[in-house]
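The values are calculated or read from the model by the stated rules, or taken from the named source; none is laboratory data. Being a predicted model, the structure only gives us computed values, none of them experimental. Here the Cβ is made from the backbone with ideal geometry for all residues, glycine too, and neighbour counts use every protein chain on show.
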Amino acid sequence: MEERLQKLLSSTGVCSRRMAEHYITAGRVTVNGRPAKLGQLADPERDDILVDGTPLTSRPAPVCLLLNKPRGYVTTLSDERGRRTVAELVRECGIRVYPVGRLDMDSEGLLLLTNDGDLAQRLTHPSHEISKTYHVFVRGPVEGAADRLSAITDLDGEPIRPATVYALRFCGRTAVLSVTIHEGKNRQIRRMCAACGLTVTRLRRVREHTLELGQLAPGAWRYLTENEIRALKQA
C-alpha cells in the first residue's frame, strides 16, 4: 500500500516524520534510483526505497520506552558537538527508537522513545494538547509564585494556555512547584519562571498524560505495558 515517504520512514523507526522531511530535502532518500520528493508516495512492497544507500527494512514491531532522562544528555539520536545523547541510554533495547518531544539538556525526568510514528505524531501534535507535569525547583521571590505563574497567558507576545501550578514545598527564598502545561512551547516553564523573577535550579518531568515516572532510577528505562500504550493512543 502506498504511503507518504515521511510516514514510511517514521513507522519503520528510521527517524521522526519531521526529521524525515530533512532527510528527503537533503537528498538522502531515493525511490527506484531517483531522489525522493517531499510528499511523495511509495509502496515498500513494490518500490526500492533507500536511505543513505541502505534499503528501507520491513516494519518492525512497535516499541515504546519510558526513560528517566538524567541531566547532561541531549534529546536526540546523535549530536555533532559530541554531547551525550539519550540514544546511548536505551541502546540495549536493540531497536532504533527516537524521542517523543523534548527535554532540554539541563532538564530531567520522563521521556518517551518509540519507533511508532503514528503514536509519536499523536502525542506531539499541538491539536491534542497532551498535558505534562513537572516538579520545578526555583529560587527568588517565591511568595505567591504559584498564582503568578498560573496567571500567565502570554509569552513574548505568543498566547499560551494557563498552566496549573501549586506549591509542593517552601524554604526561605526557594520552593518546589508542581507545574502542568498543555502546549510545550520551547523552554516554556523556564521562560514563565523568568517572567516572574524566578530562577529554575532543577526541572523534572514526572508525568505525561496517563504516564507517571514513578520510582524509575535516573538513566534507567522500561517498556510500556499494553494497557499504558492503549491509554496513550486514546489521548
Quiz item: Conditions: (1) assigned by TED's automatic domain parsing to the domain that holds Gly101; (2) in contact (Cβ under 8 Å) with a residue 24 or more places away in the chain; (3) not aliphatic (A, V, I, L, M); (4) not in a strand (DSSP E or B). Thr76 meets all but one. Number of the miss?
Solution: (2)
Exercise. Could you grab the pairs with beta carbons closer than 7 Å, sequence gap of 6+ or different chains, first residue in the stretch 35-47 and farther than 12 Å from Leu9 by Cα and assigned by TED's automatic domain parsing to the domain that holds Val14, second one in a loop (DSSP other than H, G, I, E, B) and polar (S, T, N, Q)?
Key: Asp47/Asn32
Quiz item: Given the structure, is Val138 of a type in the set (A, V, I, L, M) and under 30 Å from Leu8 (Cβ atoms)?
Solution: no
Practice problem: Could you tell me which of the residues Arg202, Arg222 is out of contact with any Cys (no Cβ under 6 Å at 6 or more places or on another chain), in a strand (DSSP E or B) and over 30 Å from Ser10 (Cβ atoms)? | Solution: Arg202
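If the requirement is being in contact (Cβ under 8 Å) with a residue 24 or more places away in the chain and closer than 24 Å to Asn227 by Cβ, which of these qualifies: Pro62, Pro70? Even if it seems obvious, please write down each step before you answer.
Numbers: Pro70 fails: closer than 24 Å to Asn227 by Cβ.
Among Pro62, Pro70, only Pro62 is in contact (Cβ under 8 Å) with a residue 24 or more places away in the chain and closer than 24 Å to Asn227 by Cβ.
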Quiz item: Which residue, of Val138, Val176, is part of a strand (DSSP E or B) and touching a helix residue (DSSP H, G or I) at 6+ places or on another chain (Cβ under 8 Å)?
Solution: Val138
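Does Leu111 meet the test of being crowded, with 22+ Cβ neighbours inside 10 Å and at pLDDT 85 or above?
On the way: crowded, with 22+ Cβ neighbours inside 10 Å: yes; at pLDDT 85 or above: yes.
Yes; evaluated as a whole, the condition is true for this residue.
Taking the condition acidic (Asp, Glu) and assigned by TED's automatic domain parsing to the domain that holds Trp221, does Glu143 pass? Steps first, answer last, please.
Values: acidic (Asp, Glu): yes; assigned by TED's automatic domain parsing to the domain that holds Trp221: no.
Against the criterion (acidic (Asp, Glu) and assigned by TED's automatic domain parsing to the domain that holds Trp221), Glu143 does not qualify.
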Quiz item: When both residues are 6+ apart or on different chains and their Cβ atoms are under 6 Å apart, which pairs have a first residue that lies in the stretch 154-171 and is within 22 Å of Glu143 (Cβ to Cβ), and a second that is in a loop (DSSP other than H, G, I, E, B) and not hydrophobic (A, V, I, L, M, F, W, C)?
Solution: Pro162/Thr153
